[in-house]
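Just below is one structure, and these are the notes that go with it.
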Amino acid sequence: MSSATMSAKQAERARKKAERQLEKRREAAKNDLPRSMQPSLLVKIITIVVLCAALIYFLFPIYWAIIASTKTPSQMTGSNGLWFAVGLDQLPDAIATNYSKLLGWTRGQFWRWVFNSLVYSGVSAFVGTIVAVMAGYATAKFNFRGKNVAIGIIMGCMLMPAALLTIPQYSIFHSLHLTNTMLSIIIPCCVSPFGFFLGRVYAQTSVPDELLEAARIDGAGEARIFFTIVLRLLAPAMVTIFLFLFVATWNNFLLPLMMVSSDSLKPVTLGLYGMVSLATFNDRGALMMGALLGVLPVIVLFLGLQRYWQAGLAAGAVKG
Amino acid sequence: MTATTSTVAAGKAKRRAAKPKASLAAKRENRTGWAFMAPFGLLFAFVFILPIIWAVYNSFFRQVTEGGGAYGGGELVNKFVGLENFQYVITSGQFWTGVGHVLIYTVIQVPIMIIAALALAMVVDSFVVKHITGFRLGYFLPYAIPGVVASIIWVYLYNGQISPIVKGLAALGINVDFFADNVVLASMANITTWTFTGYNMLIFLAALQAIPHDLYEAARIDGANGWQIAMKIKLPNVRSAALLAMLLSIVGTIQLFNEPQVMQISDPGISKAYTPMMMAMNTSQGTITPSGDGPASAIAIVMALIAGVLAMAYALIERKVNEQ
């Protein structure tokens with residue numbers, strides 16, 4: 001009896017080992033193409049040149065902005081645009097000068113604007129993700145009256161030029177005396193048909209019906225099932241939706257431009273725009289410093305969570 | 001025969017017996033479904049549905065001052081004007097100039113961007129180069145830069161006094177003015193392309209990576225080379241992704257606003273109605289007359305209709321072309 005279980009265990013172990021090896025070989029085969037598929041040297045060189053040219057195009061403006069952020073207005077026009085105007089040892093001073101000028105131009109509001117952007121993006125992405133996942137789960141797992149109509153309307157609005165809605169939104173918020181408040185940016189940014197769509201796709205594919213049934217038989221209420229089981233299963237999807245909403249809010253310009261007028265409520269994009277549009281403004285180096293510091297949080301999110309981007313886009317691309 | 005009838009009858013009886021219970025369960029499901037739907041539904045109604053109704057309603061009114069002297073002082077009154085706002089939009093020269101800008105954008109910038117994104121995705125997915133993570137990330141990075149900031153950076157790169165690009169081209173004997181009347185739209189299109197090509201590339205890459213690798217092996221056994229695999233297997237398999245990317249880009253273009261709004265600062269040649277979105281914004285803020293919610297709503301509605309027609313036309317043409 002015991003020897004039988006032993007041998008079964010061994011067989012199981014051997015099988016797993018073989019599987020692992022096969023997996024490894026498959027992995028290797030993916031990178032190592034057969035000779036008939038090996039590209040010729042010429043193809044390889046052309047490909048690398050194309051890829052690098054594209055990379056230069058996409059990264060050059062960012063590189064230039066970094067260089068420019070250390071320059072004074074006269075160095076901006078006078079010095080070589082591709083490199084720092086001062087020696088590397090004087091660079092910290094140049095950065096400090098431009099940083100203090102940036103705070104001067106923004107009347108000390110710069111970090112307040114970054115903070116505002118974080119609040120707008122963070123809160124609306126958080127609320128937006130929860131409600132989108134709830135609605136996606138509802139339409140994926142329940143039959144309710146009017147469901148198909150609701151799905152149709154929301155999906156239709158995915159192709160709606162949403163910026164056009166900003167104009168009536170402004171006048172609605174205005175008549176509710178809500179313009180020039182934080183809510184006037186957060187509420188419109190909470191709602192994303194694309195977030196709903198992603199939530200629905202993920203709920204369809206990664207929440208098994210059997211699990212819900214089992215939980216119901218065990219006597220769990222619907223709310224408890226959702227908050228303890230479903231949310232955990234949907235966690236990766238929620239990161240994706242959160243990212244999309246966060247960046248969409250951070251990058252939105254028209255909405256804050258219309259809704260917010262006082263300096264202390266501006267997000268960083270609007271603040272920088274206000275700075276460039278000043279008639280007396282000439283300190284482009286300081287502005288570039290602000291631009292770089294202002295996009296830093298988004299870049300960090302990008303690099304840190306990049307696999308979630310692709311997951312979200314894959315759902316859109318394959319299902320859409 | 002009798003056996004079948006009896007089972008059918010039994011089944012019917014069973015169903016009838018189960019009906020009250022089932023409908024109770026259905027009722028509960030209905031309630032639960034709506035409970036989960038409600039938060040999103042309410043927000044959606046407030047942010048999407050109500051504004052649409054509001055815009056349609058308002059588009060029949062115009063805000064006029066009544067009872068004041070020549071210097072105002074009167075009260076703003078909503079006056080019903082019927083279809084006058086729409087008539088104003090449709091006969092407005094500056095509206096159609098704006099639509100023209102957007103259409104040129106749609107016809108030239110969107111295809112260039114989509115084709116570039118598709119080509120980059122194909123190259124990145126082609127196994128010719130092994131370490132692609134850096135490239136992928138670099139291409140996608142501009143998407144993290146807000147449109148306003150991207151526009152500010154590019155406006156400086158177009159500026160002859162400070163831009164190494166303009167200076168470099170001048171040193172080669174090529175003098176370009178990126179703000180010249182017939183160039184400025186292309187300069188703008190470049191900013192959009194720069195921002196969104198990597199994003200679209202990721203959409204295509206995701207679709208390409210979803211293709212089962214068996215297909216490539218089968219094609220290889222049949223003697224297909226890399227180019228043939230790309231054209232005959234990869235391209236047809238990213239069709240739905242391409243449709244989605246095109247539609248979203250067309251819709252995005254309709255709302256073109258950030259780039260012209262920022263470029264306007266250094267180029268006064270860009271008017272307040274350069275794109276319909278700018279015109280709607282400035283109308284609503286009162287810097288274009290007739291101003292107010294009524295005319296602004298009418299602009300937004302006409303533009304939304306044009307967007308719908310464009311998107312539908314594209315989807316239809318795409319289907320027709322692929323049927324052949």
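Rule-based calculations on the coordinates, nothing more; no lab input. Remember, it's a predicted structure, so these values are computed and weren't measured experimentally. Here Cβ is always computed from backbone atoms with ideal geometry, including for glycine, and neighbour counts include all displayed protein chains.
Of the residues A:A11, A:A125, A:A68, which exhibits the maximal mean-square fluctuation in a Gaussian network model of chain A defined by a 10 Å Cα contact cut-off?
Largest GNM mean-square fluctuation: A:A11.
Other chains' Cβ within 10 Å of B:115-124 residues: what's the mean?
Working: counts 0, 2, 0, 0, 2, 5, 0, 0, 6, 3.
Mean partner shielding for this stretch: 2.
Have a look at B:Q228, B:Q255, B:Q285 and tell me which one the Gaussian network model of chain B (Cα, springs below 10 Å) gives the largest fluctuation.
The residue that fluctuates most here is B:Q228.
How would you rank B:D125, B:D222, going from fewest to most other Cβ atoms within 10 Å of each one's own Cβ?
Values: B:D125 18, B:D222 8.
With the fewest neighbours first, B:D125, B:D222 line up as B:D222, B:D125.
Measuring from label point to label point, each 7 Å out along Cα→Cβ, what is the A:I66 to B:L305 span in nm?
5.1
Over the range A:110-319, what is the relative contact order in percent, taking alpha-carbon pairs closer than 8 angstrom and at least six residues apart? Working shown, then result.
Working: 196 pairs, mean separation 74.6, N = 210.
Relative contact order, the range A:110-319: 36 percent.
For B:L42 and B:N225 in one chain, what is 0.36 nm times their gap in residues minus the Cα-Cα distance, to one decimal in nm? Before the final figure, lay out the partial values.
Values: separation 183, 0.36 × 183 = 65.88 nm, distance 5.44 nm.
That pair, B:L42 and B:N225, stretches by 60.4 nm at full extension.
Is there a simple number for the mean count of other chain Cβ atoms within 10 Å of the Cβ of residues in A:192-202, and what is it?
Working: counts 4, 3, 1, 1, 3, 0, 0, 1, 0, 0, 0.
Mean partner shielding for this stretch: 1.
Give a residue-ordered list of calculated ³J(HN,Hα) values for the range B:144-157 (Karplus: 6.51 cos²θ - 1.76 cosθ + 1.60, θ = phi - 60°; whole Hz; x for Gly, Pro).
7, 8, x, x, 5, 5, 4, 5, 4, 4, 5, 4, 5, 6
Give me the distance in nm between label points sitting 7 Å out from Cα along the Cα-to-Cβ direction at B:T91 and B:N322, one decimal.
4.4
If r is the Cβ-Cβ distance from A:L233 to B:T65 and R0 is 45 Å, what FRET efficiency results, to the nearest 0.05? List each step's numbers first, then the result.
Values: r = 59 Å, r/R0 = 1.30.
Efficiency for this residue pair is about 0.15.
Identify the residues of the range B:288-311 with backbone N under 11 Å of a label point that sits 7 angstrom from the Cα of B:N78 along the Cα-to-Cβ direction, or state none.
Of the residues in the range B:288-311, B:293-294 have backbone N under 11 Å from the label point off B:N78.
Please compare each pair in B:K234/B:K320; A:K16/A:K44; A:K16/B:K234 to a cut-off of 32 Å on the Cα-Cα distance and tell me which ones are over it. Mind dumping the intermediate values first?
Working: B:K234/B:K320 20 Å; A:K16/A:K44 38 Å; A:K16/B:K234 34 Å.
Over 32 Å Cα-Cα: A:K16/A:K44; A:K16/B:K234.
If you wrap a convex hull around the alpha carbons of the protein assembly as shown, what volume per residue comes out, as a whole number of Å³? Don't skip to the answer; put the middle values down first.
Numbers: hull volume 178.7 nm³, N = 644.
Cα convex hull per residue, to the nearest whole number: 277 Å³.
Partner chain Cβ atoms within 10 Å, averaged over the residues of A:50-62 - can you pull that number for me? Display every interim value, and only then the final one.
Values: counts 4, 10, 2, 0, 11, 7, 1, 8, 13, 4, 4, 10, 7.
The per-residue average across the peptide is 6.
Among A:M275, B:M281, which comes first, then next, by fewest other beta-carbon atoms within 10 Å? Numbers along the way, then the final one.
Working: A:M275 22, B:M281 26.
With the fewest neighbours first, A:M275, B:M281 line up as A:M275, B:M281.
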